[in-house]
Amino acid sequence: PELSVSRDSGTFSLTAKDGPIHQYQGRYNCYASNVLGTAVSNEARIVTENTPTLQKEKKVSKKVEEGESVVLPCNPPNSTVAPVIHWMDKKLRHIQQNERVIQGRDGNLYFSHVTEADSRDDYTCNTQFPSARIIVLKEPIKLTVVPSNSVVRNRRPQMMRPTGPSSSYLVLSGQNLDLECIAQGLPSPKIQWIRKDGVLSESRTSKDSYDRVLRFKNISVSDSGEYQCTATNLQGIITHTYSVTVEAAPFWTKEPKSQLYSPGETVKLECKADGIPSPEVTWSINDIDPDPRRSVKHGVLTLKNVELSDTAVYQCKAVNKHSSILINAYVYVIELPPQILTEDGVMYSVAEGQMIELACETFGSPRPNVTWMSQLLDGSLQISNASLNDSGQYTCTVSNSRITITAELDVLNKTVIVKPPLALRIQRGKPATLTCEYQVDSRQDAPQVQWRKNLQKLTESSDSDKYMIDESTLIIPDVKEEDEGTYTCEVITTLDIAEASGSITVVDRPDPPTQIQMTEPKDRSVTLSWTPGDDHNSPVLGTVCFSCLGNSLSVRSQYLMHVNLLYYLLIFSPIYVKCCMNLYFNGPGFEYKVMWRKVLGSGPSWHIKSIKSPPLIITDVGNFSAFEIKVQAVNEMGEGPEPKSTIGYSGEDYPLEAPLNVGVDLISSTAIKVVWAPIKRETVRGRLQGYKVMYCISLMYYGPESRREHVREGKPSNISFVMTDSNEEMKVLGDLLPYSHYALSVSVINNKGEGPQSDPLTFHTPEGVPGPPSSLLLDSPSETEMILHWTPPSQPNGILKGYILRYQQGALTDSLIHFHQEGAALSPLMLVSASSLSVTEREQNECLLICIVLSFFCPGKGTWKHSERVNSSQSFYTLRGLQSGSEYRLKIDFKNKTLWEDEIQTAGVRKGFVTESWFIGLISALVLLLLVLLILCFIKRSKGGKYSVKEKEEGQIDSEARPMNNEGFGEYSDNEEKRTASQPSLCEDSKLCTDDALDDYANSNSVQTEVIMDESLASQSSGVRDVPDPGTQESSPLNPATAISHHGLPNSAALLD
């Protein structure tokens, strides 16, 4: 059939419209050609098959007695791809499998023996073909188990699958293989696998299906051999042997290289392949067999005196019975000028005694000939065992040309270990120290020192004090038996490695002898024999035999013989002495003479104490003081040999003082350097082990809404600490939190424990880069818009200044939007005047090109007011009719959905009741009334004239006798008079209340004045009362209560008609 190939590639695909797929079954090769030759791909194979279908079959029923074995067949449809088989019931529940009931690789269900509970009529085999995406359901099988008429007897195992005593398997390397062993029997047999011709590899095999399957994954040639399955129960055993043969498809062991050649050269293309069985290797040129002038021998194609026409693609093909492989090699015959590809002036460094290659890579056709000392085939210069004299400049030259490059070689002194670790013999429980002193060329960086025990790396762990590594020193504080071994020190630089080894041998006192036997007893002698105990890597110096008299009451004295080994031990805590056994008392009155004195400051005198037996406890000797100690044996005959002194130390105590002058230097927002003054050694009261730096967060700053004065108290429960060496007075602390308040203290450590802490020192870490927002959500209400919601970062690490939002449309544009925030939520609103608001877009790229509606209302007043439909592509929109200094709630709606909502406030001063019309009218009326009163007062004063008190009184009497048009005028009550008297007149403080003013008033034209008054003012004056009783009020005209009525009008004026 014709194949439709994709443009610019050699790929073709098959679809239903290409016709029946069966016509494409076969083997395929892809050819790619141009003017330089034709390349060929490896062979591809297409296998087609019909969709698996279920053939019509009869319903199966089986009837067996209890205890018998049975097989329920599945018989899945044939397919090149193994199906997945499931045995289920009619409710699609899996049939439970175990050692008695198991599914075989062939899909059948095997019962080693049946029970009455196995009876059912819905054993269904479901066959699934994943590639075809179909499941084939078989007809249900009915199994009936009837009780046996006799007692069910046990049966010896018999093979059910595979049958017979042996079977053979052929598999290709790299494939998977399952060996199956299913046996019947009562009770169910146990399965065991072995390899008959070797050891069964647990790493290359696994067991499955209750040990009924031995599985090989990615099998190799080494797995070829014989395997045996053994099935065992109480009645016997049965075995089956599997012969596994692993062969291999062809694979390349050496591939030909594609290269450039010049005319006249000889080309050798080497092609080697392997496989089981061995493949046949053939050559072709552009997929055509080569001509006779080209020779092929042992897979090597030789082309002599090549020409430009020999440019081609050469194919090497390897074939055996399993498959074939093909590889292309490109031979390009061309003439090109020579050139050097390696950079000029390269600097090389090498340690003395090492090998170095100076590169000189060339290109050209014919191949350039490079000249310098003992170069390699690729043009590089190789110098073995470099010495200091090899330092200098080297030149690489291409023959028959002027092309050269230079290279500089610097040979450094090799790294040497001047003091290697020693071979130590250490008693168990004692410390061991291995030292490795080295010397490195000063031009190299500081080396790395790596310790190994029996070739395994050793590391210092903060959780364990097993190993203490201090640069070139390894310390084991407490040696145990497992610490015995070879210890290697490696000094690693960038150029070389030096190593040296030492060892630790753990020694201990010998074990006591065993199997003591006493033979050949005589009157005064006996022969003893025994088996020596373990010497624990320490040679036995001798064996001491001693005896003591027993407590037997027999006539003949009986000696109890004991055997022990010679051993001495000295322990101090603070000064504890254990001495030797009483074998060497040599007389009565034996005791120990213990002598001690301080090493420093106590002079030559010794303190002496005699004791009968150890130990001796000496008190009040101070903390961690060095003592010189001697113990001498004494009896009644005199003193024993003069002992040698030894140095011991009293116990340690907790340090007395904390470090002083603790300071902090800020390195970054997350790191500081802590420094302190060295501690006085006498206050340590022990061996200084180092310093402990403790620190914790006391306050943490949060933003962006908070400033430095707004803090939240942090709980100092998360206390951290670091340890230093004894010679360190500085420590760098990292991984601190930016923009936080820390407290730290430093204490001294000795073997006893930790001393007091220094005074807490507080410091602030500067601001750092904030963390990412805690969340970022995208809401897309329509196809043309997006809404982003985010929450502030959980670690602001300072005061947030704003956010940067990056977005990109496709792969063409990249925009950047800045949102700046200062203590408030981000908002797209901008205040432009006292009575209008504008909603603006920050970037033109945010234009949604949709119609939106802006709505607003004043909280507590009225309802929502809506604008007309607005196109979002507008740069702004103005809302009018707002009041200055008022709060509003504003929202943007699109298709009955609120896109944004916020509260805003307009600029200016908010209007109150002072701007209302009623209030302005009231104030105007009051101002007008006050103006009229002032005018009246001024007129009254300008009239002038005087009158006597008598005339005034007569005028008042005449007025009372005259009739009134308004009968109610002039009537009053006592209460009203009192209220009038208590209120001062408007003119109370003016000169209108003087005698001269009253005299002038008598001659004035008061009647005319009353007539032209405003009608409303006259009505206010109608409340004037009669003259009060002279007995209760003074009738003097100076009394304002009698001379002036309400509203400042004279009583005489109020009585005129």
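Could you order 900, 530 so the one with the most accessible surface comes first? Probe is 1.4 Å.
From most exposed to least exposed: 530, 900.
Rounded to the nearest 0.05, what FRET efficiency do residue 137 and residue 166 have when you use their Cβ-Cβ distance and R0 = 30 Å?
0.25
Taking the Cα centre of each part, how many Å lie between the stretch 426-488 and the stretch 1-50?
65 Å
Bin width 5 Å, origin at 0, all Cα-Cα pairs of the stretch 170-248: what percent of pairs per bin?
3, 16, 26, 24, 15, 8, 5, 2, 0
Could you rank 15, 863, 342 by how accessible they are, 1.4 Å probe, largest area first?
So, going from the largest accessible area down, we get 863, 15, 342.
Report the GluC sites (Glu not before Pro) located in the stretch 632-687 that are in a DSSP loop and have at most 12 other Cβ atoms inside 10 Å of their Cβ, or state none.
Here the GluC sites (Glu not before Pro) that fit, given the DSSP loop and packing criteria, are 636.
In square angstrom, what is the accessible area per residue of the stretch 55-205 with a 1.4 angstrom probe?
For the stretch 55-205, the per-residue accessible area is 58 Å².
State, as an integer percentage, the relative contact order of the stretch 637-701 based on alpha-carbon contacts under 8 Å between residues 6 or more apart. The partial results should precede the final answer.
On the way: 49 pairs, mean separation 19.6, N = 65.
Normalised by residue count, the contact order of the stretch 637-701 is 30 percent.
Amide H neighbours of residue 740 under 5 Å, counting only residues 5+ apart in sequence or on other chains, H built in-plane at 1.01 Å?
Result for residue 740 returns 765.
Note down the accessible area of residue 468, probe 1.4 Å, to the nearest 10 Å².
70 Å²
Cross-link candidates for residue 207: which lysines have Cα within less than 23 Å, leaving aside residues fewer than 8 places away along the same chain?
190, 196, 217
The stretch 26-69: which trypsin sites (Lys or Arg not before Pro) are DSSP loop and have at most 10 other beta-carbon atoms within 10 angstrom?
Passing sites in the stretch 26-69 are 56, 58, 59.
Debye sum, Cα scatterers, the stretch 435-520, no solvent: what log₁₀ I/I(0) at q = 0.14, 0.15, 0.18, 0.27 1/Å?
-0.60, -0.65, -0.85, -1.42
If the chain between residue 99 and residue 722 were fully stretched, how many nm would it gain, using 0.36 nm times the residue separation less the Cα-Cα distance?
Stretched out fully, the residue 99 to residue 722 stretch lengthens by 218.5 nm.
Once label points are set 7 Å from the Cα along Cα→Cβ at both residue 297 and residue 494, what is their separation, rounded to one decimal in nm?
Placing both labels 7 Å beyond Cα along the Cβ direction yields 5.1 nm.
What spacing in nm lies between the two simple spin-label points modelled at residue 475 and residue 423, each 7 Å away from Cα in the Cβ direction?
2.7 nm
Got the relative contact order for the stretch 27-71 handy, in percent, Cα pairs under 8 Å and 6 or more residues apart? Mind dumping the intermediate values first?
Values: 25 pairs, mean separation 12.0, N = 45.
For the stretch 27-71, the relative contact order is 27 percent.
Quick check for the stretch 13-119: number of Lys pairs with alpha-carbon distance under 26 Å, counting only pairs 8 or more apart or on different chains?
The number of close lysine pairs in the stretch 13-119 is 10.
Along the Cα-to-C-beta direction of residue 154, a point sits 7 Å from the Cα; which residues of the stretch 233-270 have their amide N less than 14 Å from that point?
233-238
Which whole-Hz couplings ³J(HN,Hα) result when phi for each residue of the stretch 925-930 is put into the Karplus expression 6.51 cos²θ - 1.76 cosθ + 1.60, θ = phi - 60°, listed in order with x for Gly and Pro?
Coupling constants for the stretch 925-930: 5, 5, 5, 5, 4, 5 Hz.
When Lys and Arg each count +1 and Asp and Glu each count -1, what net charge do the other residues less than 14 Å away from residue 756, Cβ to Cβ, add up to? Before the final figure, lay out the partial values.
Numbers: positive: 680, 685, 692, 752; negative: 653, 657, 754, 759.
Within the 14 Å Cβ shell, the charges total 0.
Give the shape of the stretch 266-359 as rounded, prolate or oblate, defined through the alpha-carbon gyration tensor: a ≥ b ≥ c are the square roots of its eigenvalues, a/c under 1.5 means rounded, and otherwise the shape is prolate if a/b is larger than b/c and oblate if not.
oblate
So what does log10 I(q)/I(0) come out to for the stretch 203-243 at q = 0.35 Å⁻¹, using the Debye formula with one equal point on every Cα and no solvent?
Cα-only, vacuum Debye calculation for the stretch 203-243: -1.21.
How many Lys pairs in the stretch 404-532 lie less than 19 angstrom apart by Cα atoms, where the lysines are 8 or more positions apart or on different chains?
Summing the qualifying lysine pairs gives 9.
The values are calculated or read from the model by the stated rules, or taken from the named source; none is laboratory data. What you see is a predicted model; the values in this text were computed from it and never measured. Note that we place each Cβ from the backbone using ideal geometry, even for glycine, and neighbour counts take in every protein chain shown. The area values use the complete protein model at the heavy-atom level, side chains included, leaving out ligands, DNA and RNA. Shrake-Rupley method; radii C 1.70, N 1.55, O 1.52, S 1.80 Å.
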